[in-house]
Amino acid sequence: MTVNTANKWAAGIADTYAPGVVAEAVGLGLPVVALPFWSTALDGHPATRRSVEVLRGTGVRVLYGEGEWLPHPPGTGGQRLDAYPWRLALDAVNRCARPAPASRAGGATARSRRR
């Protein structure tokens, strides 16, 4: 996910297909995982951090921070593509896809818990 996508998504702008699909998924209460890719320079902009927090607040699992994904120095993104941690996103999606153990009959769904 680029900074542009994060900022659009957090603002609810669905002007192209990809942001529209993920915005709808959030609205439907589906589990969504996002793996960022941007520089420390873009990360330093206040809108970037706000967007990450907005997305997290809607239930999106943003893989950002220590132990997950960290921004790279400006101008080095191309050198980091081979090491991009796709496995983090795939593992997070797999965890979301597993049914949660039922703690009681008639338990709340993910969507109803977020409301």
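Throughout, read-outs are computed from the coordinates displayed, never taken from laboratory work. Not measured: the values here are computed from a predicted model. Glycine gets a Cβ as well: all are built from the backbone with ideal geometry, and neighbour counts include every protein chain shown.
At 222 nm, what value in deg cm²/dmol follows for the chain if DSSP H runs of at least 4 each add -39500 (n - 2.57) and the sum is divided by all its residues, to the nearest 500?
Details: 7 runs with 57 residues, N = 115.
It comes out at -13500 deg cm²/dmol, rounded to the nearest 500.
Output ³J(HN,Hα) for region 8-13: one whole-Hz value per residue in order, computed from phi by the Karplus curve 6.51 cos²θ - 1.76 cosθ + 1.60 with θ = phi - 60°, and x for Gly and Pro.
Per residue, the Karplus-derived 3J(HN,Hα) values read 5, 4, 4, 8, x, 7 Hz.
What does the charge count near Ala92 come to, summing +1 for each Lys or Arg and -1 for each Asp or Glu among other residues with Cβ under 15 Å from its Cβ?
On the way: positive: Arg56, Arg61, Arg87, Arg95, Arg98; negative: Glu68, Asp91.
With Lys, Arg at +1 and Asp, Glu at -1, the neighbours total +3.
Once both labels are modelled 7 Å past Cα along the beta-carbon direction, what's the Tyr17-Glu66 spacing in nm?
4.1 nm
According to the square roots a ≥ b ≥ c of the eigenvalues of the Cα gyration tensor, what is the shape class of region 9-103, taking rounded for a/c under 1.5, prolate for a/b larger than b/c otherwise, and oblate for the remainder?
Working: a/c = 1.93, a/b = 1.33, b/c = 1.45.
Note, shape of region 9-103 comes out oblate.
Give me the net charge of Pro71's neighbourhood, meaning all other residues with Cβ under 15 Å from the Cβ of Pro71; Lys, Arg count +1, Asp, Glu -1. Please list the in-between numbers first.
Details: positive: Arg49, Arg80; negative: Asp43, Glu66, Glu68.
Neighbour charge sum, excluding Pro71 itself: -1.
Could you give the angle, 0 to 90 degrees to the nearest 10, between helix 17-27's Cα long axis and the longest principal axis of the Cα atoms of the chain?
It is inclined by approximately 40 degrees.
Working from Cα positions, state the angle (0 to 90°, nearest 10) between the long axis of helix 46-57 and the longest principal axis of the chain.
Tilt of helix 46-57: around 20 degrees.
For Ala34, which sequence-distant residues (separation of 5 or more, or a different chain) have an amide H within less than 5 Å of its own amide H, given hydrogens modelled in the peptide plane?
Under 5 Å from the amide H of Ala34 lie the amide H atoms of Arg61, Val62, Leu63, each far enough along the sequence or on another chain.
Gain in length, Arg50 to Asn94, computed as 0.36 nm per residue apart minus the alpha-carbon separation, to one decimal in nm? Could the numbers behind the result be given before it?
Numbers: separation 44, 0.36 × 44 = 15.84 nm, distance 2.68 nm.
Extra length available between Arg50 and Asn94 comes to 13.2 nm.
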